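This report concerns only the one structure given below.
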Amino acid sequence: MSPIIHHHISSLREVLQSCRGQQHTKEKGVQRIALVPTMGNLHDGHLELVKIAKQHADVVVVSIFVNPTQFGVGEDFDSYPRTLDEDVAKLATVGTDYVFAPSIEEMYPVLPPPTSVLAGEIANQLCGQSRPGHFDGVGIVVSKLFNIVQPDIAVFGQKDYQQLAIIKQLVRDLSYPIEIIGAPIVRSDDGLALSSRNQYLSTSERNTAPILHQALQDLAEKLTNSRISQQAFETLLADARKRISDAGFVIDYLEVKTEDLDAMTNDSIIFNAENKNLVILVAAWLGRARLLDNQLVAIN
Ligand code: PAF
C-alpha cells in the first residue's frame, strides 16, 4: 500500500497522535513509532533502513527533506536530486506508513534559523573539517524531526559514521527519549557503498569507485595485528592513501580513529594495544561525487 504523504507538521502530528493512542495489535501496549530521516532520492540502502524500522515499530514514518542548513556555499543543494514520486513508489514496496515531505518554509519559518544546535568538538574533525557547519545543520533538522514526529526509535545508516555518532550525542545531551539504531552499510555487488551521490559518477568513474572499499578492506586486514609499530601503521596508511589517489580520487581524508571517534583532531590515532576497536574512515572525491565509506577493525 502506498504511504500517506504529509506536507504539513500539523497534519502529521494529528495522525501520529491518534496512532499513539491505539493498542498494539499483538501485545497489550501502545504502538511504537519509528522515524527514518532521509533527503530522498532513495536507493536500496534507504529501503533497508525502513525494513529495520519495521522490525522495531508498528508505524514507520520516512521524512524526505533536502535540508538547506546542512549544505555549505558551493555545495550541491540546488542540484541534489528531488524525486518524490519515485521515492514514494519505492517506499510502498517496503510498507512505509507515512511520508513527511515538508517545504523549506514549513521547516524553517526563518532561514537561517536564529536558534542553533551545535554539534561541538566531535564535528570539528573528518567531514566537519571540509564542511564547516554541516553537522550543526544536521543537528537542527534532526532535532526538529524528532520534535515533530516524536518517534520511539530512529534509524540512521552507518555509512555516515560521524553523523551517527553526532546524533547519538544529540539524543544523550538533549535527553530525547528515542532509541537510535545504526543500520549496516548496504553495498553494490562490487562493494561500492550505496549513496544518492553515486549517480554523479560517469561510467568510468563508477568502474573505479569500488577501489575505495577494497583499499579500506585491505588496510583493515593489515591493521588487525596489534604488534605492528607506529611507523608501520603510518606506512600502511600512506600506502592506502596512495592507492586511492593513484586510482584517480582526490582524498578529503583517510583516517583511523577509535570506534567512538574519541580523538578530536583530524590526525590518525597513535596505534597501540590500548585501542582495540578502531574504524577507518574515508571521504574522497571522484569527479563530481564525494564518496564516503568506513570499515570497523577489531585488533587482535
Ligand atoms: O543522512 C541524511 O540523509 C541527512 O543528513 C539527514 C539525516 C536526513 C538530515 O538531513
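The values are calculated or read from the model by the stated rules, or taken from the named source; none is laboratory data. Since the model is a prediction, treat every value here as computed from it, not as a measurement. Virtual Cβ from ideal backbone geometry, glycine too; neighbours counted across all protein chains shown. Just the protein is used for accessible areas: all its heavy atoms, side chains included, with ligands, DNA and RNA removed. Shrake-Rupley method; radii C 1.70, N 1.55, O 1.52, S 1.80 Å.
Structure notes:
- Ratio of the Cα radius of gyration of the stretch 30-147 to 2.2 N^0.38 Å, where N counts its residues: 1.12
- Once the Cα atoms are used to define both axes, helix 9-21 deviates from the longest principal axis of the chain by about 80 degrees.
- Taking the Cα centre of the chain as origin and assigning +1 to Lys and Arg Cβ atoms and -1 to Asp and Glu Cβ atoms, the resulting dipole is close to 400 debye.
- Look at the Cα gyration tensor of the stretch 57-209: its axes a ≥ b ≥ c give a/c under 1.5, and that counts as rounded.
- In the stretch 231-298, the GluC sites (Glu not before Pro) that fall in loop regions by DSSP, at most 15 other Cβ within 10 Å: Glu259, Glu274
- Each helix, a run of at least 4 DSSP H residues, gives -39500 (n - 2.57); summed and divided by the residues of the chain, these come to -11000 deg cm²/dmol at 222 nm.
- Take the Kirkwood radius over Cα pairs of the stretch 61-102, plug it into Stokes-Einstein at 10 °C and 1.306 mPa s, and you get 136 µm²/s for translational diffusion.
- Taking 0.36 nm per residue of separation and subtracting the current Cα-Cα distance, fully stretching the chain between Val110 and Thr235 would add 40.1 nm.
- Take every DSSP beta bridge whose two residues both sit in the chain; close to 50 percent of them are antiparallel.
- In this structure the chain gives 48 Å² per residue of accessible area when probed at 1.4 Å with all protein chains present.
- Centre-to-centre separation between the Cα atoms of the stretch 221-295 and those of the stretch 49-71: 30 Å.
- Look at the alpha carbon pairs under 8 Å that are at least 6 residues apart: their mean separation over the length of the chain gives a relative contact order of 17 percent.
- Carbon plus sulfur fraction of accessible area for the stretch 1-148, probe 1.4 Å, in percent: 54
- Cα pair count fraction exceeding 18 Å, expressed as % - the stretch 32-79: 40
- Cα radius of gyration and Dmax for the stretch 97-168 (Å): 13.1, 37
- Per-pair calculated FRET efficiency, R0 = 25 Å: Asp260 and Arg187 via Cβ, rounded to 0.05: 0.55
- Look at the alpha carbon pairs under 8 Å that are at least 6 residues apart: their mean separation over the length of the stretch 63-157 gives a relative contact order of 40 percent.
- Diagonalising the gyration tensor over the Cα atoms of the chain and scaling each eigenvalue by 5 before taking the square root yields semi-axes of 34, 21, 19 Å, largest first.
- Base-10 log of normalised Debye intensity for the stretch 130-249 (one unit scatterer per alpha-carbon) at q = 0.11, 0.17, 0.19 Å⁻¹: -0.56, -1.03, -1.10
- The equivalent ellipsoid that matches the C-alpha gyration tensor of the stretch 201-300 spans semi-axes of 25, 13, 11 angstrom, in descending order.
- Sparsely packed loop sites in the stretch 241-300 (the trypsin sites (Lys or Arg not before Pro) outside DSSP H, G, I, E and B with at most 16 other Cβ atoms within 10 Å) comprise Lys276, Arg288.
- Pairs of alpha carbons in the stretch 4-84 separated by more than 21 Å make up 42% of all such pairs.
- Acute angle (nearest 10 degrees) that the helix 230-246 long axis makes with the longest principal axis of the chain, alpha-carbon atoms: 70
- Average projection area in nm² (convex hull over Cα atoms of the stretch 214-254, one quarter of hull surface): 2.8
- Exposure of Leu201 as accessible area (Å², to 10), given a probe of 1.4 Å and all protein chains: 20
- Folded to 0 to 90 degrees: helix 44-56 orientation relative to the chain principal axis, Cα: 60
- More than 15 Å apart - percent of Cα-Cα pairs taken over the stretch 157-218: 61
- Length-normalised contact order of the stretch 1-155 in % [C-alpha pairs under 8 Å, at least 6 apart]: 35
- Take the Cα of Tyr80, step 7 Å toward its Cβ, do the same at Ser226, and the gap between the two points is 4.2 nm.
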